[in-house]
Amino acid sequence: MNIVVCIKQVPDTPNIRIDRERMTIIRDGVESIINPLDHIALEAALDLKQKEGGKISVLTMGPSQSEEALREAIAAGADEAILLTDPGFAGADTLATSKVIASAISRMDPFPDLILCGKQTIDSDTGHVGPQLAEELNLPQVCGVTEIHVEMNALVVKQLSDGFQNTYRVSFPALLTVSQGLNVPRHIPLGDLEKAFSEGGVLRWGLKDLNLRAEEVGFSGSATTVVRLYRPPQKRKGEIVSGSSQTLAEHLIGKLVSLSILDEDEAE
Amino acid sequence: MVLDPKMKQAVIRRTVRKFAEDKLVPAAAEMDEKAEFPARLAEEMAALQYFGLEIPAAYAGAGLDSVSYAIVIEEISKASGAMGLCISVHNSVSAFPVYEFGKESQRQAFLIPMAKGEKIGTFCLTEPNAGSDASSIETTAVRDGDGYILNGSKIFVTNGGVSGLNLIFAITNPSEKGREYSVFVVESEREGLEKGAQEDLMGMRGNPVCPIVLNDCRVPRGNLLGDEGQGMRIALATLEGGRIGIGSQALGIAQACLEASVKYAQERYQFGKRIADFGAIQGFLADMATRIEAARLLIFRASSLRDRKMPHSRESAMAKLFASETAVDAARIGLQIHGGYGYSKAYPIERYYRDAKVCEIYEGTSEVQRIVIARSLMNK
């Protein structure tokens, strides 16, 4: 099974700063990580490869420094890495991003059997790219899967939505976006990291390689613009309780029991 | 000179930190309390190549550079000083000399199982009457046919309780003028080698430190590391890298003290505000952070010289000296920030306080490091 895993390098959340003029997240000098759900997608691919064989390609669109994320994915076990990078890609919204990624995947020979993405990223949180990519490529899609099985030339996947668990049978080729809880990504052996960073292996594709026109991608290819970016004021619904330590402790325990965090026996 | 860690080193730091937070942080307090080495965890670490950090891939190692090595030790030690100690000693003063001075047959026989973590290594120089004055060791190795017979006592052997291979320093030429030492790789199961009970130490309690006694222990000639009489050279070359390991370990403990203190200072309210809002506490934190950053740069400096195969004896002594004193200081101030709670076992800072102290003592006391540094100034 040939699998493409789409990953994004995102700022490590506690460090996010905002450029108020350009309405973007400041990425310079900020430690970046592979988006945690993309990590889960990669782990799912490694798991499927172990069972079904095949090849894993990881793909990201971003500036040069995104190579770090791709090499980390190679260390984790991906076979091939492609960096979609071009000054023309800058300022892309999710639609323009999906367009570039779709164009890259269409170029792959053979066309992959499965495309895996994280359900959303921790930086922009839209959850658009996976579904848009499936639409661009005209593929069946299931978003937010929590279980993946291969049965008789099809995928059987589970998804939680609105408190219900849905099970789908999906034909190949397909696109899945994955949710928290699908797996726990493995720890990477240090020698594999060393190797992934000392050897070649990251392909770079730009605008020309993808046969795209400048007006289709980046800022000019975007259908949306960010009008305002701000931190919403935090609304805390606090409850102020006063009294002796004894009363306060009893009140608190009562709350914890009512929220099922403590059971009555423990509370005793 | 590496000031900003490269892409690879940033990923290595993050990878190790993730492992340490997942596996070591939850285990560290119990390791200390029960004075127990977590064999299972060590196996997991072996599979991730923590026991062959700088050893080339051809000998089953991870093939890391020295700067990356220092980063790994720092991150492991930040979670557990005792595990950091195990990894540091095994890699830098046990596996490294076997790689550097071992013949090909010895690399095959000893180094590969060490790099795979199947055999944990020790470095047995210290004796009851030979600490800082390492040249006064009394253990002897007497030629006997195609082998040697070893007799003597080694003490405070880090990793001793779980070791598979032990580097034993012994006198091979006892004559007053030509006194010479040699190093032997001695398997733990070899007849005549006995391990004593685990030492009841103040800190680093999760590491099975114990004495090793050699009683007519016969080893074949193939277990002599390097050449006969090379012992002092091996010790000095090995300790250069060892100091980077201990420095990194101290740095990890210092960083743990800082992070615990920053967190506590923002949680603890007195006089109606967070203690982090008091100038005195801010001064403590700022000084800790500044010294820690300076220690980290000294360690990077020494290890990047080592990566370029340039002399780094003085730089590694400076790094070890400064980082270990920084750790002791960070633990003392960190505990002060924690106040009474810091003096209780409810917070990890008291463990850091106990773990930090030995960094000023082992693999060359601070006083010995100052001698090394001072001599390097005057020999020019």
Does chain B come out rounded, prolate or oblate, given a ≥ b ≥ c as the square roots of the eigenvalues of its C-alpha gyration tensor, rounded meaning a/c under 1.5 and, failing that, prolate meaning a/b above b/c?
prolate
Residues of B:36-48, mean number of Cβ from any other protein chain within 10 Å of their own Cβ, rounded to a whole number?
1
For the residue pair B:Ser175 and A:Ser244, what label-to-label distance in nm results when each label sits 7 Å from Cα along the Cα-to-beta-carbon direction?
8.8 nm
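Let me make sure I get this right: for the stretch B:7-120, a, b and c are the square roots of the gyration tensor eigenvalues over alpha carbons, sorted descending. Under 1.5 in a/c it's rounded, otherwise prolate if a/b > b/c, else oblate. Which is it? Provide the component values of the computation, followed by the final result.
Details: a/c = 2.20, a/b = 1.42, b/c = 1.55.
Taking the square roots of the gyration eigenvalues as a ≥ b ≥ c, the stretch B:7-120 is oblate.
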Can you figure out the FRET efficiency of B:Phe271 with A:Gln165, using R₀ = 60 Å and their beta-carbon distance, to the nearest 0.05?
0.70
Candidates B:Thr172, B:Thr290, B:Thr326; GNM for chain B (alpha-carbon contacts under 10 Å) flags as most fluctuating B:Thr290
Exercise: per-residue mean of other protein chain Cβ atoms within 10 Å, A:65-75:
2
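Is the stretch B:178-247 rounded, prolate or oblate when judged by the Cα gyration tensor, a ≥ b ≥ c being the square roots of its eigenvalues, rounded requiring a/c under 1.5 and prolate requiring a/b larger than b/c?
Values: a/c = 2.46, a/b = 1.16, b/c = 2.12.
Because a/c hits 1.5 or more and a/b fails to exceed b/c, the stretch B:178-247 counts as oblate.
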Find the centroid of the Cα atoms in the stretch B:129-175 and in the stretch A:107-156, then give the distance between the two in whole Å.
62 Å
Hey, rough spin-label estimate for B:Thr365 and B:Gln282, points 7 angstrom out along Cα→Cβ, what's it come to in nanometres?
4.0 nm
Counting DSSP beta bridges with both ends in the protein assembly as shown, the antiparallel % (nearest 5):
60 percent
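Starting with the fewest neighbours, write out A:Ile18, B:Ile155, B:Ile281 ranked by other beta-carbon atoms found within 10 Å of each beta-carbon. Working shown, then result.
On the way: A:Ile18 13, B:Ile155 19, B:Ile281 22.
With the sparsest Cβ surroundings first, the list reads A:Ile18, B:Ile155, B:Ile281.
Hey, with R₀ at 60 Å, roughly what FRET efficiency would A:Glu199 and A:Leu252 work out to, going by the Cβ-Cβ distance, to 0.05?
Working: r = 56 Å, r/R0 = 0.94.
With R0 = 60 Å, the Cβ-Cβ based efficiency is 0.60.
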Members of A:Lys119/A:Lys158; B:Lys78/B:Lys320; A:Lys99/A:Lys119; B:Lys78/B:Lys263; A:Lys8/A:Lys99; B:Lys18/B:Lys320 lying beyond 20 Å, as alpha-carbon distances in this model show:
B:Lys18/B:Lys320
Would you mind pulling out the separation of the Cα centroids of the stretch A:8-78 and the stretch B:276-297, in Å?
33 Å
Note: the protein assembly as shown at 4 °C, 1.567 mPa s; Kirkwood Rh on alpha carbon pairs; Stokes-Einstein D in µm²/s works out to 47 µm²/s
Can you grab the distance from the C-alpha centre of the stretch B:346-363 to the C-alpha centre of the stretch B:26-76, Å, no decimals?
19 Å
In the stretch A:90-214, what percentage of the DSSP-assigned beta bridges are antiparallel, given to the nearest 5?
65 percent
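Got a sec? How would B:Tyr99, B:Tyr347, B:Tyr269 order by Cβ neighbour count within 10 Å, fewest to most? Please list the in-between numbers first.
Numbers: B:Tyr99 21, B:Tyr347 17, B:Tyr269 11.
Sorted ascending by nearby Cβ count, the order is B:Tyr269, B:Tyr347, B:Tyr99.
Using a Förster radius of 25 Å, what is the FRET efficiency between B:Arg221 and B:Ser136 based on their Cβ-Cβ separation? Nearest 0.05, please. It would help to have the intermediate numbers written out before the result.
On the way: r = 26 Å, r/R0 = 1.05.
With R0 = 25 Å, the Cβ-Cβ based efficiency is 0.45.
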If N is the number of residues in the stretch B:122-229, what value comes out of its Cα radius of gyration divided by 2.2 N^0.38 Å?
1.04
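Can you tally the net charge around A:Ser198? Count Lys and Arg as +1, Asp and Glu as -1, for every other residue whose Cβ sits under 10 Å from the Cβ of A:Ser198. Walk me through the intermediate numbers first.
Numbers: positive: A:Arg71, A:Lys195, B:Lys8; negative: A:Glu194, A:Glu199, B:Asp65.
With Lys, Arg at +1 and Asp, Glu at -1, the net is 0.
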I need two numbers for the stretch B:37-77: Rg to one decimal and Dmax as a whole number, Cα atoms only, in Å.
10.5, 29
On average, how many beta carbons from a partner chain sit within 10 Å of the beta carbon of a residue in A:193-200?
5
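Using Cβ contacts closer than 10 Å as the measure, can you line up B:Cys359, A:Cys143 from fewest to most? If you can, show how the numbers build up before the last one.
On the way: B:Cys359 32, A:Cys143 18.
The order, fewest Cβ neighbours first, is A:Cys143, B:Cys359.
Among the trypsin sites (Lys or Arg not before Pro) in the stretch A:229-268, which ones are in a DSSP loop with at most 11 other Cβ atoms within 10 Å of the Cβ? Mind listing them?
Passing both the DSSP loop test and the Cβ count: A:Lys235, A:Arg236, A:Lys237.
How much net charge surrounds B:Glu138 when only other residues with a Cβ under 13 Å from its Cβ are counted (Lys, Arg +1; Asp, Glu -1)? The partial results should precede the final answer.
Details: positive: B:Lys154, B:Arg179; negative: B:Glu127, B:Asp133.
Once all neighbours under 13 Å are counted, the net charge is 0.
Throughout, read-outs are computed from the coordinates displayed, never taken from laboratory work. Predicted model only: the values in this text are computed from it and were never measured. Ideal geometry is used to build each Cβ from the backbone, glycine not excepted, and the neighbour counts take in all protein chains shown.
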